[in-house]
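The values are calculated or read from the model by the stated rules, or taken from the named source; none is laboratory data. The model shown is predicted, which means the values in this text are computed figures rather than measured ones. All Cβ positions, glycine included, derive from the backbone under ideal geometry; neighbour counts span all protein chains shown. Each accessible area value is taken on the protein alone, full model and side chains, heavy atoms only, with ligands, DNA and RNA left out. Shrake-Rupley method; radii C 1.70, N 1.55, O 1.52, S 1.80 Å.
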Amino acid sequence: MQLNSLFKHWSYRIFAPGTLLREKYEALKLLLSFDIACHEQMAEFQDLLHDGQREDFAGIRQRFTVFSEQVAGMIDSLDIMDPGNYTSLRSYHKKFDFYTRFLLAPPKIEFAPPFIRSLSEISTKSKQLGNKAKHLAILQNELGAPVPRGFAVTTSGYHYFIEYNDLRGAIDELLAVLNINSPHSLNLISERLTELILGAEIPADIEEAMLTLYDSWGGATGNQIYVAVRSSAVSEDGAFSFAGLYSTILNIPRENIGKAYREVLASKYSAEALFYRISQGLGDEETAMSVLIQEMVEAESSGVLYTSGVTHEKIGRNHLHLHVSSGLGDQLVSGVITPDYYVLTREKPSTLVSKKTSDAVLSDDQAVEIAELGILIADFFNTPQDIEWAIDLTGKLYILQARSLHLSNKNEESAENTDHNHVALLNGCERASAGVATGVVYQVDGTHKLEDVPVGAILVTRDAPPTLVKVINRLSAVIAEHGSRASHFATVAREFGVPFLAGITDARNLFEPGMLLTVDGTRGAVYQGKIDELIQKEAPSSATGPYHRVLRQALKFITPLELIDPAGENFTPEGCRSMHDIIRFCHEKALMSMFTADKPGTGRGSLRLVADMPLDVFLFDVGDGISARINKGQGVPLNTVASVPFQALWKGLSHPDVQWKQKPFDWDAYDRIELSGGVPPKRDSFAFASYAVIGADYLHFNIRFGYHFTIVDVMCGENIAENHCMLRFAGGGGDYDHRSLRIDFISRVLERLDFDVEHKGDLLEAKLPSMESSVMQQKLDMLGRLLGATKLMDMVLENEQMVENCVDDFYNGRYSFSQEG
């Protein structure tokens, strides 16, 4: 919501005699529109940093480009109003623009050869490869582990593919408008990005290099060799798992290798992969896709080995956990089946502790063989491992993947020590991801789509595929009939801290939609209702990931405000230390230039209001706003102000129960300002004044209360259709959290006054629709009381309960909430 009717009614009332002043007025209008837009953008930047929102870096870069252009527009407008006086502002703007773009820029792109590396050539020092390919190569080359032969297309190949098809601009344009919290936006942008990749051409030198290496295996001599084409993106299988979010294409013959390569590249832009990457704060270029191509293993059995437990259990982190299925393991990791389950000791020789099988496809000796190789791998990498393996028809064991095991980030020991007397509806469930959460059951069926899952729901489902990731930010917990802690979704659930219970037979009949449940992923239990004793009060995120690091550094050149005192010695272009400083400087100097200019035909500019209240106000009459003739050097008595909206708002501001801390006005300083041609000397009251543009039925009021400011734009006349009231409130002396609490208070009060309210961080904008003048005046009276009451509330409010209490107090007639009041 923008104050787009700013000074709407000036154009036919003022400045007809003077072209120069008319140009100044038009420049001020433009400058103020830029000012409004810049403050909205700064509030959105703060939301991205503080309020848990995520946006692709392409969107942030585009957002900054628009913001920087708006700041430049303010400088241009100020130069029209006061030409030649602030030329150095441009160099400071250029400097802050450069620093911020540098911080937000993607990493350096390499798209030169080599495009292909065989596993035997890859070492720990190899660059341009993801961890999947690198770890398998290291295990083969340094540990001698059995790994299917293969090669990798490097990230240089990916960047060359993008550059060859000139796709980067189109990709960034789509990512810039993506809203990952909107299922429609996520699916639409994903579809368009995927189409771009699938419709692109593979450079001939990449495709030829892939086929040359494939043919070296003997596949071109008539002995058809099928391959698996697998993702191995940068950032995958490391601190961020990306588990199951990229494609693996199996049983690919020679003629389809290029097509499968392109499909794996396209999976980088699947809806769930986009949601995960952006939620984790990673940029598109820094998650470049390398692709691993390996000979297929004709698997008799396969599965996943965890070399540690992922939750605290009696048999937990000091044991190995082996999950087994027949044939290929794709159904196991996709959460479609409940696998056989073995527990083994971690010491060598490993021994079998327990097993739970439906139709055993693995001998005990084979289970021990897998466990002992897993111990070697975990010791080699010196961290617990999540290992995918397969045994072929001849009984030979192969390692298909090894990555760090993602453990639950919940405080499980604290949760296990919590006492309560509640009886569980279900106990002994498989604990795939720890933590405790409460919510209402939601099930996906013909009429209830996954995209419509409400925030805070407990999803009860048959399977737990990786596609659930795209709504994981809306889930309190997940209960699945199939799946296990070894599934890809379980890995992601642990990363996001979402409790997940798997392998619960008939769960969809046990837990009907609408039931209120508490899911205990730490104990493996489900309770009816909300169990307050179990709900853990999670500490707020430390916000130390890559997204926050980059954004926090960039915002140092955007949002801090050094130029607080307009009369201070540092209130100069050279004193600017951020874009916010430039915005503040331009706004202050523009208003000063406008309000100290002579109005044509009068020989005077703005006039000071004389009223019994310590708010310094200068008035600029644009037509019938002042009923008496005021001589130069005289103040304007309150009773001569004929502006209906001004008087209504002032009535509220001056209500006897609104407490004002009195301070004397230096009339001598004011006289010196007048005598010096309207330019205030430093440290005089004029620099801290409020400004009001008034007409008989119009008011544009820029009100300053210490470190925050308010703009009120009102039309209050006989024409109901034209009547409106718009409010903008921002800033304050408190920290961000306390300023936000004050905004919450103001929002709730305004909503009761029938305002439409929008707020972002510590910026609030509100609009009152058309209404009769008498009703509008009543609303303005209450608005004045509200503005007077909130002067120092950002120093007082501590929590939401205080906000709620203060709203009730306000409507019971309390209009002072400062520490003095």
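Data overview
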item: Residue among ILE109, SER185, TYR214 farthest towards the positive dipole end of the chain, charges placed on Cβ; result: ILE109
item: Length-normalised contact order for the chain - Cα pairs under 8 Å, 6+ apart - percent; result: 11
item: Degrees separating the helix 183-198 axis from the principal Cα axis of the chain, which is the longest one; result: 60
item: Dimensions (Å) - segment 314-374, Cα atoms, principal axes, largest first; result: 31, 24, 19
item: Length-normalised contact order for segment 133-227 - Cα pairs under 8 Å, 6+ apart - percent; result: 24
item: Inter-label distance, nm, simple model (7 Å from Cα along the C-beta direction), MET613/GLN778; result: 2.1
item: Fraction of accessible area attributable to carbon and sulfur, the chain (%, probe 1.4 Å); result: 49
item: Per-selection Rg to Rh, segment 117-180 - Cα, Kirkwood hydrodynamic radius; result: 1.18
item: Added length on full extension, which subtracts the Cα-Cα distance from 0.36 nm per residue, LYS29 to ALA239; result: 70.6 nm
item: Förster radius 56 Å - calculated FRET efficiency between ALA567 and LYS449 (Cβ-Cβ, nearest 0.05); result: 0.40
item: Between 0 and 90°, nearest 10: helix 800-811 axis offset from the chain longest Cα axis; result: 30
item: Residue-averaged [θ]222 nm for the chain, counting only DSSP H segments that reach four residues, each worth -39500 (n - 2.57); result: -11000 deg cm²/dmol
item: Relative contact order for segment 738-811, counting Cα pairs under 8 Å that sit 6 or more residues apart, in percent; result: 44
item: Above-threshold pairs, the threshold being 20 Å between Cα atoms, out of LYS29/LYS94; LYS470/LYS530; LYS268/LYS760; LYS29/LYS556; LYS651/LYS791; LYS134/LYS470; result: LYS29/LYS94; LYS470/LYS530; LYS268/LYS760; LYS29/LYS556; LYS134/LYS470
item: Part-to-part distance (alpha-carbon centres) for segment 51-106 and segment 191-257, which is given in Å; result: 42
item: Taking only Cα atoms of the chain, radius of gyration then Dmax in Å; result: 33.2, 106
item: Length gained when the stretch ARG90-THR351 is fully extended (0.36 nm per residue, less Cα-Cα span); result: 86.7 nm
